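Presented below is the structure to which this report refers.
The values are calculated or read from the model by the stated rules, or taken from the named source; none is laboratory data. What you see is a predicted model, and the numbers here were worked out from it, not measured in a lab. Every residue, glycine as well, gets a Cβ built from its backbone with ideal geometry; the counts of neighbours run over all protein chains shown.
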């Protein structure tokens, strides 16, 4: 009965007496229609007014008060309304959009704010005019306090939270903020405008990329045109013709003598740069291999790429429209991007921009291909500059290793470490055949002794390399690796590197104990056999004194094994 009485009271005046109702009456009315009763009295009043205004209203065939928040947001988005906000805000937007009216002073305040926001949009870049909308004359010479006061008064009226039903409230508020910043901080605003102009100039000007200064290309030369050009180290001692347009002068290169210290430093720099390139390339190769295993296409089509770019542009991740090339300003957001996409229907402009994008993409692919060729030559020239030794074969790429195998007429199929192992064996056999024969005159070549790995031939950090890279390093040094893990390969390389140096063992493992016990047993057995031979020389007659001397000698040998003698004593 209480619910019906409250409903009749509220409905009889069509919301005119809702403000005068008590909280209990408001809650009874909402409870009778199964509407939430939480919140302050102002929230309850708004809820009751909205319900009264939407009695005969249907949104997508449903009562808006029976719709879930997700359904309300979807309905708002379909009607071009802001889908962000609480349930009451979404209901208010839908009710007002469908022709209902919640009445009251709130609407008058909203209409005043909407008219003020529209006036701000009309003024646009007139900063002084925007801050003078409430009657106070604001100029660039006004005090900051006066500017701030007018800014706060206007922002209270046109803030997007105050005008949820006005679609361009955010843009109007952004113009207000720009006007206030431009008048209170003119130097900063000018600097931002200059930065935007510089970015536009950079985007409109095509600039040739700077080439690498490593031994395959040059960023400057001896030609009088002073333009960038590419050259190969094979041309160092020749006169060449400049390849730039409008320049056909012949010129050569200056040759400078450097000290051995600088040459050593240069070798270290080149080796470090080579390691960095190899790690980067292997990372890309592994990424492509994983994508291929998962069935993911590394390169997507133009249509799919355009769809992804449009999504990124809608969410503010791109500043340039992927369809026509229109650019967002610094203070523009998602609403401006979506609004532009709705109006982006100029076919001629879209086709021209897509044509420019295709040309730019082809140019970038050509540059990437040329950079790849340059890096291949850099790798080969670096290896040759470091002496073209077997120990540095791990620096070469797979394609270069295959070319080396073809030049030696050996099998060029297999993984990188397999190719390196074949090249090392073949090059060692060629070097051994060139050596002088031994003193016996049998004509057999002497067996070449394998070199010990050093810091000059090994990478700077073995732990940072992958398993395949470590296998290549081991194969370059002729090291046979039995294990398959990263630790096994590193242990094999370090064991070969420090084979002639005693290692300081801080802990005694089972493997170390075995290494210590076996030599001791061998020495004891050898000494025992020597003493037995001495006894056999005496005709097999061994006295008790000789037995005691033999036991004492063996005990002394055990004591010697237990002693530790430092290296510096």
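Structure data summary
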| quantity | calculated |
| --- | --- |
| Selection count, region 467-500, where residues are touching a helix residue (DSSP H, G or I) at 6+ places or on another chain (Cβ under 6 Å), in contact (Cβ under 8 Å) with a residue 60 or more places away in the chain and surrounded by fewer than 21 Cβ atoms within 10 Å (Cβ to Cβ) | 1 |
| Filter result for residue 399 (at pLDDT 80 or above and within 25 Å of the chain's Cα centre (by Cα)) | no |
| Top-ranked residue of region 126-170 - restricted to ones that are under 18 Å from residue 185 (Cβ atoms) and not in a helix (DSSP H, G or I), ranked as nearest to the chain's Cα centre (by Cα) | 126 |
| Cβ pairs under 9 Å, 6+ apart, first in region 24-46 and closer than 18 Å to residue 68 by Cα, second modelled with pLDDT under 80 and crowded, with 19+ Cβ neighbours inside 10 Å | 30/6; 31/6; 33/7 |
| Single residue of 366, 421, 352 found to be assigned to a helix (DSSP H, G or I), surrounded by 12 or more Cβ atoms within 10 Å (Cβ to Cβ) and in the same structural domain as residue 280 (by TED's automatic domain parsing) | 352 |
| Counted residues, region 53-71 - those being farther than 17 Å from residue 34 by Cα and buried (at least 20 other Cβ atoms within 10 Å of the Cβ) | 1 |
| Hits in region 330-349 (condition: outside any helix (DSSP H, G or I) and modelled with pLDDT of 80 or more) | 344, 345, 346 |
